[in-house]
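Student: Mind looking over this structure? Questions follow.
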Amino acid sequence: MEIRQMRYFIEVARREHVTEAANVLHVAQSSVSRQLVHLESELGVDLFVRNGRRVKLTPIGKMFLERVEQVMKMIGEAEQEVKEYLEPEKGTVRVAFPISLAAHVLPTAIYAFRKRYPEAKFQMKQALYHDLIDGVIDGEFNLALIAPLPGEEKHIKSKLLFTEQIVALLPAHHRLAGRDGIQLRELRDEPFVTLPDGTIFRQIVLQACSEIGFTPHIAFEGDDIDALKGLVSAGLGIALMPEVTLIDNVPHATVKIPVVDPGVTRTIGVICPTQRKLLPTELLFYRFLEEFFAGG
């Protein structure tokens, strides 16, 4: 079995069309067909059900595709690791992140990293909190910024980068808008706007309120942080927000005020797998994050 055969097989399996796969691979259709026949002959099974140029995987073909994709991913990572070993400052960092870190934390870190290593490249993927953890464990990506840091998990390594304050975002005309700080208990009777049920930041808000003896009245929900900003700006309620999401963008007709007594915080960190090595450029970025935020 050759690498070329595996590449041809994967492309045909994904497109379910020999000619379309050949066009993508920039080879003759006859060459693709010939390699597939050789592969099936070598394995002694039919991988496809054929209908002219169109094909569909057989049950054994589907199983084989899953395994071959794993092999090709490992080969690609090995090739990348060799390249980055020689010149890690010119490699690619593949990093996942939650939306709350997309506007300031991650761009700031990347900008500083590329000032030091201007030829470094990035592949970034946004994901929900639990998908970040699962993605690192399952091998979808090796590196993820996350907030808050997850509890102890044997398959991931967590590194705290910094702890941020949670602040109150109020409509500008709110009775508490002129204060330098707000006690959380003063918001007991306020209408809250929050992220949907099940989101990790909503859990942080509910837990903070529960610890001082009240359950907030949820008046409205928004799908993301920007939606919450809009709801507060419209005067529909108040929100507790990660301060980092308001550094460069306090919405019109709102004010942000620190929450004190008790203060509410959120940890921000980076996670990576315990059972796989970071590629050289990813390791370079991981160590840079430790240094960058330690100095900040």
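Student: Restricting to region 75-127, what's the tally of residues that are open to solvent by 70 Å² or more (accessible area, probe 1.4 Å), of a type in the set (A, V, I, L, M, F, W, C) and modelled with pLDDT under 85?
Tutor: Final tally of qualifying residues: 3.
Student: Would it be correct to say that residue 49 is at pLDDT 90 or above and under 21 Å from residue 273 (Cβ atoms)?
Tutor: It is false that residue 49 is at pLDDT 90 or above and under 21 Å from residue 273 (Cβ atoms).
Student: For residues in region 200-221 being open to solvent by less than 70 Å² (accessible area, probe 1.4 Å) and in a loop (DSSP other than H, G, I, E, B), which is nearest to residue 255 (Cα to Cα)?
Tutor: 216
Student: For region 222-251, give me each residue that is over 18 Å from residue 200 (Cα atoms), open to solvent by less than 10 Å² (accessible area, probe 1.4 Å) and part of a helix (DSSP H, G or I).
Tutor: 232, 246, listed by residue number.
Student: Just checking, does region 115-130 include any residue being acidic (Asp, Glu), in contact with a strand residue (DSSP E or B) (Cβ under 9 Å, 6 or more places away or on another chain) and in a loop (DSSP other than H, G, I, E, B)?
Tutor: no
Student: Name the residues in region 252-265 that are of a type in the set (S, T, N, Q) and surrounded by fewer than 18 Cβ atoms within 10 Å (Cβ to Cβ), would you?
Tutor: Passing the criteria: only 265.
Every residue, every condition in (1) in a helix (DSSP H, G or I); (2) out of contact with any Gly (no Cβ under 8 Å at 6 or more places or on another chain); (3) outside the structural domain of residue 140 (by the TED database); (4) hydroxyl-bearing (Ser, Thr, Tyr), yes or no:
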| site | (1), (2), (3), (4) |
| --- | --- |
| 13 | yes, no, yes, no |
| 20 | yes, yes, yes, no |
| 24 | yes, yes, yes, no |
| 27 | no, yes, yes, no |
| 37 | yes, yes, yes, no |
| 50 | no, yes, yes, no |
| 55 | no, yes, yes, no |
| 64 | yes, yes, yes, no |
| 70 | yes, yes, yes, no |
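Student: Here is a follow-up. Does residue 179 satisfy being open to solvent by 50 Å² or more (accessible area, probe 1.4 Å), basic (Lys, Arg), in contact (Cβ under 8 Å) with a residue 60 or more places away in the chain and over 26 Å from residue 128 (Cα atoms)?
Tutor: Values: open to solvent by 50 Å² or more (accessible area, probe 1.4 Å): yes; basic (Lys, Arg): yes; in contact (Cβ under 8 Å) with a residue 60 or more places away in the chain: yes; over 26 Å from residue 128 (Cα atoms): yes.
Taking the combined requirement at face value, the residue satisfies it.
The values are calculated or read from the model by the stated rules, or taken from the named source; none is laboratory data. It should be emphasised that the depicted structure is a prediction, and the values quoted were computed from it without experimental measurement. Ideal geometry is used to build each Cβ from the backbone, glycine not excepted, and the neighbour counts take in all protein chains shown. Each accessible area value is taken on the protein alone, full model and side chains, heavy atoms only, with ligands, DNA and RNA left out. Shrake-Rupley method; radii C 1.70, N 1.55, O 1.52, S 1.80 Å.
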